[in-house]
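What follows is a short report on a single structure.
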Amino acid sequence: MCTLLYRDSGSHHSAGVVLESALSTCITTDNAANVIKAVELNEWTRLQCFVHRLHLAIENALKGDLRVNRATGLCKQPVSHFSHS
């Protein structure tokens, strides 16, 4: 995800999420190294995306469960078939 910061007459815009108040501006990002570096270089305040972090936590928790691996494998088969046809 690449989040762009831009402003117009409104107080907030979403190409990702940009939060503004009278005191600070904050940008929401994923954990991509290039995005983190861009935020640091521009001296913006970075807020990690909660949903992205939650997804990573759930993915790591379920990684070793064979039942989950089998279920997701079965679900991927029809999707794979149609995406290659």
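Annotation: peptides 27-39, 60-72, 44-56, ranked by per-residue average of other Cβ atoms within 10 Å with the highest first, follow the order 27-39, 44-56, 60-72.
Fully extended, how many nm does the chain gain between His84 and Ile58 (0.36 nm per residue separation, minus their Cα-Cα distance)?
Net length gain for the segment: 6.5 nm.
Since every read-out is calculated from the coordinates, none of them should be taken as a lab result. Nothing here was measured: the structure is a model prediction, and the numbers come from that model. Note: ideal-geometry Cβ built from the backbone for every residue, glycine included; neighbour counts use all protein chains shown.
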